[in-house]
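The values are calculated or read from the model by the stated rules, or taken from the named source; none is laboratory data. Everything quoted here is computed from the prediction, not taken from an experiment. Reconstructed Cβ throughout: ideal geometry from the backbone, glycine too, with neighbour counts over all protein chains shown.
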Amino acid sequence: MTETKDKSADARRAFLRLLGGAVACAGAAAAGKVAVTQAEAATAPSTVTPPAIPGYDWTKHRWAFGVDATKCIGCLRCVEACKRENDVIGDAHHFRTWVERYVYLEGEETPRVDSHSDPVNIEASGSEHEYRFANRYKDAKVEKAFFVPKLCNHCTHPACVQVCPTGATYRTNDGVVVIDHTYCIGCQYCVQACPYGARFFNEEKQVTDKCTWCYHRITKGLQPACVEVCPVGARIFGDLYDKQSPVSLFIRNNRTRVLKPESGNAPNVYYVGLDKDVI
């Protein structure tokens, strides 16, 4: 999870020369998987060795995340806190976590869905660096409305790990999916493979990025930034190995569901209060 700029740039250039750049990316998007040749594999590390974290044994933890959609008020403090904590690009179109608004109007069977990156919401905030939901439904007949926080699901069988040609994306022993930017070549295969739209491309650094559950915090006994700032307790985090942890109690005491279970990724973000139309 270190970032050695020169090393990453050299690996990226070597790989892309062999890969043929855009042609291969287009093929990966269409096929949904990556075939890496022997020549390409030679430029990549056989495995990424996760760095040791002083005082932390990741074999003794299994992290998971809970979201209570019945509590979320759409304040977007979580999005702002995440950007500050993880130095995410400040505009409205790059984010590790986001919140969607689902609104059912009278006479309509499907919800209207928007997020803080919607143009109307950006206009209402007056800046791409501040986030809010516009009051666009004040004169409409709303039957039902709710907010759904979303983020990387840190899947047990993550498609992003399967397609990464360099091993830059990997799953840790404690269940967190991370990216080692030393080895990321910016091919964006993982962006295409993720069924949750949880990854984005950082144009400045030419690498992909996503939520890490604030791995630098949780390995020190702290909560993810988004969980810490939520004023209503809609976000829950903890260790599944601890049966009394907040997330263990949340899963045990509620009827939870995960998003897109049919994908086979086995996500580890558990929701309460979702409508059938939330995917």
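For residue 85, are the conditions met, namely being among the acidic types (Asp, Glu), at pLDDT 90 or above and in contact with an Asp or Glu (Cβ under 8 Å, 6 or more places away or on another chain)?
Numbers: among the acidic types (Asp, Glu): yes; at pLDDT 90 or above: yes; in contact with an Asp or Glu (Cβ under 8 Å, 6 or more places away or on another chain): no.
So residue 85 does not fit the description; no.
Within region 191-258, considering only helices (runs of 4 or more DSSP H) that don't extend past its boundaries, which have at least 3 residues that are out of contact with any Pro (no Cβ under 8 Å at 6 or more places or on another chain) and free of Cβ contacts under 8 Å to residues at least 24 places away in the same chain? Working first, answer last.
Numbers: elements: 215-218, 225-229, 246-253.
Answer list for region 191-258: 246-253.
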Self-check item: Residues within region 49-107 that are among the basic types (Lys, Arg), farther than 19 Å from residue 269 by Cβ and crowded, with 18+ Cβ neighbours inside 10 Å, tallied
Solution: 1
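Against the definition (surrounded by fewer than 21 Cβ atoms within 10 Å (Cβ to Cβ) and either under 26 Å from residue 115 (Cβ atoms) or not hydrophobic (A, V, I, L, M, F, W, C) (or both)), how does residue 268 come out, yes or no? Talk me through it step by step, then tell me what you get.
Values: surrounded by fewer than 21 Cβ atoms within 10 Å (Cβ to Cβ): no; either under 26 Å from residue 115 (Cβ atoms) or not hydrophobic (A, V, I, L, M, F, W, C) (or both): yes.
The answer is no for residue 268.
Select from region 259-274 the residues that are under 20 Å from residue 198 (Cα atoms), of a type outside the set (Lys, Arg) and either part of a strand (DSSP E or B) or in contact (Cβ under 8 Å) with a residue 12 or more places away in the chain (or both) and list them in ascending order.
Our first condition is that a residue be under 20 Å from residue 198 (Cα atoms); within region 259-274, this holds for 259-272, 274.
Applying the additional criterion that residues be of a type outside the set (Lys, Arg) yields 259, 261-272, 274.
Passing the criteria: 259, 263, 264, 265, 266, 267, 268, 269, 270, 271, 272, 274.
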Exercise. Of the conditions (1) surrounded by fewer than 17 Cβ atoms within 10 Å (Cβ to Cβ); (2) out of contact with any strand residue (DSSP E or B) (no Cβ under 6 Å at 6 or more places or on another chain); (3) touching a residue at least 24 places away in the same chain (Cβ under 8 Å), residue 124 clears all except one; give me its number.
Key: (3)
Exercise. Scan region 41-69 for residues that are modelled with pLDDT under 65, part of a loop (DSSP other than H, G, I, E, B) and of a type in the set (A, V, I, L, M) and report the count.
Key: 2
Exercise. Inspect region 162-170 for any residue being part of a strand (DSSP E or B) and either under 24 Å from residue 270 (Cβ atoms) or under 18 Å from the mean Cα position of the chain (by Cα) (or both) and give the result as yes or no.
Key: yes
